[in-house]
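All remarks here apply to the structure that follows.
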Amino acid sequence: MYLAKNVFALILIMLISATLQPPAMAADLIEPTLTPAAEIIKPKPKPKPETMGGFSISSTVGSYFFAGSEQRNVAALYGVKVGHEKIGKSAADNLGLEATINFFNASSKTVARDASGYLFRLDASYPFPINKKWMPYLVAGVGGIFSDGNGSSNKNILLNYGLGLKYFLQNYLAIRADVRHVGVYENSIFRQNVDIGVGLSYYFGKERIKKIVTQPVLEKKKIVVIEDDPAKNVEAKKTTATEKEDKSAVKPSEDLKVPEIAPPVKIEVVKKLSVDFDGTSLYIKPVYIKRFNEIAASLYESGDFMVHIKAHSRDTEKIADTVILSEKRVQRVRDSFINLGVNPNQISINANAALPVNSENNANSYVKAPSQRVDIMLVKLDAAAKLKTEQELQFKIERDEIERLVLETRSKDLIKAVLELHGENRSLPVDSATSLPFELVNQGEDTEEFMLMLSAPKDFDGFMESVSRPDDKITLIQLAPREKLKGNVRFRIPAGLIDGQKTMLTLKAVSTRFNDVVFQKDSQIAASAPLLRIEAKLSNKKVSPGDKLQYQLTIINSGSLSAHALSVKLSLPSAVNLVGASGAPFAKETGGMLVFKVDTIEAGKQAEITIDANVRADSSIGQEILWNAEVIDGTLQRRAKSTERSSIVLVK
């Protein structure tokens, strides 16, 4: 017991010590530099994102609650956890694994039977960070519990699940809290225990921010640029030395305003290679491919390496053609390295490099180089050079993105069109083909191509056609400036729509260059259909055998469209004999079915049919005579039934 507590205390002290930063030494201080005005206006590169997760070690303390059947008091719980968390680009990629060992010493509630033991667990976790500070997580795992008391020992399997929360004080240090439900399998039953704990987690491999010391700058310094020609470097150093000697010519007030410039960037040239081309050819000879692979291998190994590609030419009579050829050759060499798997960010190019000066002659003469060549230098950058390169690259990426967005916005603004769709709020008959006219005008200054799209229910079978070419479906149309397209939206109103049912149709013209440039027009249409109902009426509800009985049917069309080819079916009750019928021609079918034919009922009109019958003399006293009728629209196959009507046969 004492050994476990000592180990826990030792690990806790190590964690706290690792989190405390020592006093800043002179070598650790980052010397500040003031940036020139030309550099200030540049956008600052985005800092590298602070990543969460990684390998960690944690020290925890908490309480262990035993199931009531165990008759034990709450025990203090000390633990050490070692884990690793992987935080992916999306929540589905997150995953963690953690191993835990805990020690506890529990006392009995009934007799003095203290017991101590260890819990071993291996848990899988699912972390889902909310921000850079808070990271909740879910856990589940398996393990074992080993306890010893009163001269006996127990070993049991456990399953546990729960949740936790981490709060990051720094990117490498977090406070954690855990709650676990622990099921201990003992004697064929699961004992339900609970583990609650808090602790401190330390993450390995996290970079700490060093302290920055600011100091006033009083001395004016000159920027020293390292040139390819050593002679220029000597001249630059002489100039700098002369200016330092002439400090008396500078006013003190001016000295205070001049910013201090960071020391020049150090670049170490590791390898050089000159690639010769024949005439105006772009062909890279096979002899250079092996050397390309050697340079690419160095670039794979470290991001501290870069390759500079420069083109030269001595053909001064055709400067324009030479520059174009140099650009093509430099690009060809660059593509070769990219095809070998080199990161494009590790490649810099210069297609217009001047030839080196011939130091033995005058400054206007040049070394006689091969007719056309490309020079390749593999260089190793120090930390400052690497940072500067990354900043320049980030600035270029941001600048290019801004320029692209500006150009894209301007291009979108130049796309102008007018779309008109006629026929708003029209009432159209069901089960019929129809169309709505539309016009599309290109009001821009350039020829544009548009994709025509119709948003409508699937059973409308809609498509677009040009007036000049009917029945020929169109989806893409190219229009010159001020050109107009006249067309029709063709579709069919389904037979199943009820009278007055409204549907929204949307016609869109989408630019094929930018799919978010959309011109659209909506049109709401209403279905026009017959709306039939049938009403029945009996002359007498109480009759006697031999009495006359009249049954009247009224077919009403309350819709906005005429109904045609109607059939009215009446099942003649067996307790009556048909005398006659009026209002529509009819036929008597087998089984006593009467079928009446009605040609047309106009919208808002009705038709009446009257049936005369006698109650059969042999009808039973108390027998119920039922009448049922139905009307069928032969064109749209719609049905409507009458309400049931009945008569009762009574004694005379």
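Remarks
- Distance (nanometres) between label positions extended 7 Å along Cα→Cβ at TRP134 and ILE474: 5.7
- Cα gyration tensor of the range 89-201 - equivalent ellipsoid semi-axes, whole Å, descending: 32, 16, 11
- Annotation: Cα Rg of the range 417-528 relative to the compact-globule expectation 2.2 N^0.38 Å equals 1.10.
- Cα-Cα over 25 Å, subset of LYS541/LYS569; LYS89/LYS132; LYS458/LYS641; LYS542/LYS597: LYS458/LYS641; LYS542/LYS597
- In a DSSP loop and with at most 15 other Cβ atoms within 10 Å, the GluC sites (Glu not before Pro) in the range 514-622 are GLU602.
- By other beta-carbon atoms within 10 Å, ranking PHE450, PHE55, PHE596 with the fewest at the front produces PHE55, PHE596, PHE450.
- The range 491-508 and the range 388-409 have Cα centres separated by 50 Å.
- Check: the range 532-649 dipole with +1 on Lys, Arg Cβ and -1 on Asp, Glu Cβ, in debye: 140
- Distance between the 7 Å Cα→Cβ label points at ASP400 and SER574: 9.2 nm.
- Taking other residues whose beta carbon is less than 15 angstrom from the beta carbon of ASP335, and scoring Lys, Arg as +1 and Asp, Glu as -1, yields +3.
- Legend: calculated FRET efficiency, ARG533 to GLU465, from the Cβ-Cβ distance at R0 = 41 Å, rounded to 0.05, equals 0.55.
- SER646-LYS502 pseudo-label distance in nm [points 7 Å out on the Cα-to-Cβ vector]: 4.4
- Estimated D of the range 532-649 in µm² per second, where Rh is the Kirkwood radius over Cα pairs and Stokes-Einstein applies at 37 °C, 0.692 mPa s: 223
Each value in this text was obtained by applying a stated rule to the coordinates, not by laboratory testing. Just so you know, these numbers come straight off a predicted model, no measurement behind them. Glycine also receives a Cβ, built like all others from the backbone with ideal geometry; neighbour counts cover every protein chain displayed.
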